[in-house]
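Report on the following structure.
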Amino acid sequence: WGKYLYLVLHDFEIGSQAGELVTLNELDTFVGPNFLVTYHSNRIAVLDKIWDQCTWDPRYLKRGGIDLFYHLADALVEVHLPVVDHFEEAVNEMEGQILHTPKEDTLEKIFSLKRGLLRIRRIMTPQREVFYKLSNNEFGIMDKDDRLAFRSVYDHYVLLNDLTESLRELLASALEIY
């Protein structure tokens, strides 16, 4: 939309309800040179963090909407790594259980972990592509510094995508062993 972007991001966290490994939260953003508007149905802790930073240091607001959006996106991708680490611990535990003391619910746990990783991957892959486009200025509103900043976010999503894919492969191997 000219000098404005409408982007949908997703936050994911370790599931808060029984049987739910991953909780997803949609974050709609409308970004322009001098503003950032967000809409979300559920509380997203990263937004509170960014808001606090803006109140502590007003320079965040003076840099413009695109820079503020970068800080939001960067903070969002950083909180995703502990979620993927949580899955990695669960997969490692599952592998040990399969090899040493398999239980009746092991198969159910394997499939549950696979579903959780699939949900994460379905969210991360499109987000990775959005940040690739931002880092290459495909929307035509970024300066060179902005493109470099968004390249950093893109690189984080590539790393997270690779980690989740490795975990899915480990689960497939665990399923074969079981």
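Here are some notes:
- Candidate set: region 95-130, residues that are farther than 17 Å from HIS156 by Cα and either in contact with a strand residue (DSSP E or B) (Cβ under 9 Å, 6 or more places away or on another chain) or among the acidic types (Asp, Glu) (or both); chosen: the one least open to solvent (accessible area, probe 1.4 Å): GLY116
- In region 135-158, the residues that are closer than 15 Å to THR125 by Cα and either of a type in the set (Val, Ile, Thr) or without any contact (Cβ under 8 Å) to a residue 12 or more places away in the chain (or both): VAL153, ASP155, VAL158
- Hey, ALA73 closer than 24 Å to ASP48 by Cα and part of a helix (DSSP H, G or I) or not: yes
- Test set (1) more than 20 Å from ARG122 (Cα to Cα); (2) open to solvent by less than 70 Å² (accessible area, probe 1.4 Å) - GLY15 fails condition number: (1)
- With respect to the stated conditions, ALA90 is closer than 30 Å to LEU175 by Cβ, open to solvent by 10 Å² or more (accessible area, probe 1.4 Å), of a type in the set (A, V, I, L, M, F, W, C) and within 21 Å of the chain's Cα centre (by Cα).
- Qualifying position, being touching a His at 6+ places or on another chain (Cβ under 9 Å) and in contact (Cβ under 8 Å) with a residue 60 or more places away in the chain, among LEU170, LEU107, LEU175, LEU76: LEU76
- In region 131-178, residue surrounded by the most Cβ atoms within 10 Å (Cβ to Cβ) [restricted to those that are of a type outside the set (Gly, Ala, Ser) and not in a helix (DSSP H, G or I)]: MET142
- Filter result for ILE120 (in a loop (DSSP other than H, G, I, E, B) and β-branched (Val, Ile, Thr)): no
- Residue satisfying all of: in region 21-56; part of a loop (DSSP other than H, G, I, E, B) and farther than 17 Å from VAL77 by Cβ; most open to solvent (accessible area, probe 1.4 Å) among these: ARG43
The values are calculated or read from the model by the stated rules, or taken from the named source; none is laboratory data. As the structure is a computational prediction, the values presented were derived from the model and not from experiment. Cβ atoms come from the backbone with ideal geometry, glycine included; neighbour counts cover every protein chain shown. Note: areas computed on protein heavy atoms with side chains; ligands, DNA, RNA excluded. Shrake-Rupley method; radii C 1.70, N 1.55, O 1.52, S 1.80 Å.
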